[in-house]
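Taken together, the values in this text are just the output of simple stated rules run on the coordinates, not laboratory data. From a predicted model like this one, the values you see are computed outputs, not experimental measurements. Methodologically, a virtual Cβ is constructed for each residue, glycine included, from the backbone with ideal geometry; neighbour enumeration extends over all protein chains shown.
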Amino acid sequence: MQSPAAPPRTAVAAEAVDVTFSYENRQALNGLSLSVAAGSIFGLLGPNGSGKTTLLSLFAGLRAPDSGSVTVLGETPSTGLRARIGFVFQESTLDPLMTVREVLAFHGKLFGMTGARARQRLDEALETVALTDRANDAVRTLSGGMRRRLELARAFLPSPELLLLDEPTAGLDPDSEKAVWAYLHERNEEGVTIIAATNKVSEADRHADAVAFVHDGRIVAQGAPPELKSGLKHDGLFVEGEFSDDEISEIKAWPEVGALRWSSPLLHLTVDSAATFVPKLFQAAGASVSAVRVHEASLEDAYFDVVGSGLDGDER
Amino acid sequence: MIAGPLLACQAILVRDLRAVLRSRSQLYSSLLLPLMLLAVLGVGISEGLEPSSSSIRDGDYTSFLVAGLIAMTALFSSTFSSASYYQDRDSGQLRAMMASPHPQQIILLGKSLAGVAIGSLQAIALLAIASVIPGIELEWQHGVVPGIGLAVLAVLLLAFILNGFAQLVASRIRTMQGFHLVMNLLLFPLLFLSGAFFPLADLPGWLKVFATVNPISYAVDLLQIAAYADGDGHFGIVIDLIVLGILTPTVFALGIGAKHPIE
């Protein structure tokens with residue numbers, strides 16, 4: 001298992017077809033279909049509870065679907081196939097009492113890695129995530145960013161072909177987030193397929209080759225970020241203010257307005273052109289407006305446009 | 001080179017042993033409690049009640065108590081170690097192990113072997129300490145080395161049974177608090193009815209029935225035969241070995257084979 005026998009490379013790294021999965025009293029996946037190209041960085045974008053984590057656990061073979069089919073690296077997920085898959089969970093799964101080196105050595109042994117080659121891989125992994133000087137320190141003494149880097153190093157130690165990441169940068173500061181993604185891009189350039197579940201729009205927009213919007217256990221749209229944004233109104237706006245129901249109804253009826261969400265005191269909408277919309281807004285309801293922020297239409301707008309609610313789950 | 005599943009078991013075993021060695025309070029308290037009982041209960045009953053049972057040699061209850069306290073140490077250390085399953089599950093570490101290319105049974109086997117090793121080592125350490133305490137007279141009727149061998153075998157068989165039993169309970173109980181409650185509820189009566197604290201020979205008939213169907217009785221009997229008794233014990237060495245020899249693989253396999261919740 002130290003270096004998995006070179007399996008036939010497939011064009012599709014992971015695929016789910018019409019998959020359903022239920023927990024005791026909750027339907028988590030509801031006819032979900034998805035295809036992830038080998039060698040890509042794929043973003044699963046959706047709010048908490050949309051089914052992203054469940055889908056990752058199905059890809060890892062930790063759960064089996066109630067119906068439908070799942071294929072990973074050309075095979076049905078199984079215990080043995082996990083030798084070719086790395087998994088970084090949303091919450092930390094590190095033993096705080098172990099040292100950094102012990103964490104990696106233990107994981108290596110679980111994946112059948114022993115001897116000089118394993119020690120060399122371990123040293124390389126420590127160096128790559130810049131934790132060599134902390135190798136003999138207990139995990140509990142590491143910062144959040146260091147722990148995340150250690151979890152990534154652990155997942156990459158057995159040289160997986162597919163890496164599953166659940167909220168890879170949750171709780172990290174911008175510098176740590178940048179370092180994590182730099183590391184992930186390096187591994188992706190080496191040929192590792194990365195599937196990252198996230199509810200951070202900027203993360204998916206900036207780093208993913210393709211993105212799927214997950215909503216209520218289904219994929220509601222899938223494509224490269226520019227494709228997903230291409231059908232949108234050009235500009236996205238956040239308007240702060242106190243609007244009456246009549247004012248909201250009037251704005252919604254304007255032809256240049258696309259998607260609109262009103263959650264007092266924030267009005268989120270997409271429009272053809274902010275330059276013509278904003279003066280019109282002030283003319284119609286200027287007294288209600290306290291601030292306007294304009295941005296180029298983002299993936300969040302695209303999600304909002306397709307799903308009808310934001311990534312925080314608010315309804316339109 | 002060790003094969004994958006064995007290497008995984010070994011890695012988990014070493015990891016859990018290391019965790020116990022780093023937890024000094026767990027290490028010391030598991031030995032201090034039986035030693036305290038030996039000093040207080042043993043001396044108190046020997047001097048205060050002057051037991052006259054023929055099973056207690058010269059009224060020396062402290063020496064009689066050694067075998068029972070060894071069984072008690074193995075019993076509580078083994079089951080306490082099994083609770084680390086809950087700690088690993090609740091801290092997410094179990095999920096990380098489950099994401100490796102091994103079935104749940106391999107992970108559980110590694111953890112159970114760690115529990116057996118911890119329980120056995122602590123019980124054997126107690127035997128070693130007790131055997132050098134002045135005033136405690138162990139008989140070693142079959143000789144010191146064979147006696148120690150028999151005692152170690154009894155401790156190992158008991159630890160395997162208890163670990164398997166603990167894993168069976170853990171597969172049914174979702175919380176660590178519930179696990180400890182259920183285990184205490186089950187283990188205390190079993191311990192008291194095993195001959196650990198009083199000779200089975202002098203019990204009334206209805207209590208003897210409970211003692212006879214109690215697996216721990218056979219391990220305590222074997223320990224008494226190995227280190228204390230100067231005869232055949234209550235059941236006899238052959239019966240003890242047959243009962244424990246059948247129960248050990250059965251209960252341990254059932255415990256490891258039981259499907260445990262991973263979240």
message: Please list, in order along the range A:189-204, the HN-Hα scalar couplings obtained from phi with the Karplus expression 6.51 cos²θ - 1.76 cosθ + 1.60 (θ = phi - 60°), rounded to whole Hz, x for Gly and Pro.
response: 5, 7, x, 6, 7, 10, 10, 10, 8, 8, 10, 9, 4, 4, 5, 5
field: Separation of alpha-carbon centers, the range A:277-300 and the range A:99-140, rounded to whole Å
entry: 53 Å
query: Between the range B:4-26 and the range A:237-252, what is the C-alpha centre distance in whole Å?
result: 62 Å
- prompt: What percent antiparallel are the DSSP beta bridges of the protein assembly as shown, to the nearest 5?
  reply: 70 percent
query: Any idea how far the Cα center of the range A:141-212 sits from the one of the range A:26-84, in Å?
result: 17 Å
task: Tell me what chain B gives for mean residue ellipticity at 222 nm when only DSSP H runs of n ≥ 4 count, each as -39,500 (n - 2.57), the sum divided by the residue total, rounded to 500 deg cm²/dmol.
output: -23500 deg cm²/dmol
query: Whole-Å semi-axes of the range A:33-93's equivalent ellipsoid, largest first, each the root of 5 times a Cα gyration tensor eigenvalue?
result: 18, 15, 14
message: Below 8 Å between Cα atoms, with a sequence gap of 6+, how large is the relative contact order for chain B in percent?
response: 25 percent
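Taking each pair of different alpha-carbon atoms in the range A:48-207 once, compute 1/r for the pair, average those values, and report the inverse of that mean as the Kirkwood hydrodynamic radius in Å to one decimal.
On the way: mean 1/r = 0.0614 Å⁻¹.
By the Kirkwood definition, the hydrodynamic radius is 16.3 Å.
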- line: Here the tail fraction of P(r) beyond 36 Å, over all Cα-Cα pairs of chain A, rounds in percent to 28 percent
message: For a test of the definition: using alpha carbon positions, the gyration tensor, and the 1.5 limit on a/c, classify the range A:233-296 as rounded, prolate or oblate.
response: rounded
message: Taking a cut-off of 31 Å, what percent of all Cα-Cα pairs in the protein assembly as shown are separated by more than that?
response: 60 percent
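Using the Kirkwood radius built from alpha carbon pairs, what does the Stokes-Einstein equation give as D for the range B:1-118 at 4 °C and 1.567 mPa s, in µm² per second?
78 µm²/s
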task: Using every pair of alpha-carbon atoms in the range A:116-244, split the distances into 10 Å bins beginning at 0 and state the percent of pairs per bin, rounded to integers.
output: 10, 34, 30, 16, 8, 2, 0, 0
Derived scalar couplings ³J(HN,Hα) [the range A:100-114; Karplus, 6.51 cos²θ - 1.76 cosθ + 1.60; whole Hz; x for Gly, Pro]: 4, 5, 4, 4, 5, 5, 4, 5, x, 5, 4, 9, x, 9, 9
field: Dipole of the protein assembly as shown [Lys/Arg +1, Asp/Glu -1 at C-beta], most positive-end residue of A:Val271, A:Ala64, B:Leu113
entry: B:Leu113
Sum of side-chain charges, A:Ser92 neighbourhood, beta-carbon under 9 Å (Lys, Arg +1; Asp, Glu -1): 0
- prompt: When the helices in chain A are scored as -39500 (n - 2.57) per DSSP H run of 4 or longer and the sum is shared across all residues, what 222 nm value do you end up with, to the nearest 500 deg cm²/dmol?
  reply: -10000 deg cm²/dmol
message: Please list 3J(HN,Hα) in residue order for the range A:36-51, calculated via the Karplus relation 6.51 cos²θ - 1.76 cosθ + 1.60 where θ = phi - 60°; whole Hz, with x for glycine and proline.
response: 10, 5, 4, x, 9, 9, 10, x, 9, 10, x, x, 4, x, 7, x
statement: Note on chain A: contact order normalised by length, alpha-carbon pairs under 8 Å, 6 or more apart, percent, works out to 20 percent
Where GluC sites (Glu not before Pro) fall in DSSP loop in the range A:14-118, at most 13 other Cβ within 10 Å: A:Glu24, A:Glu91
message: Could you tell me the extents of the range B:4-257's C-alpha atoms along the three principal axes, largest first, rounded to whole Å?
response: 59, 35, 34
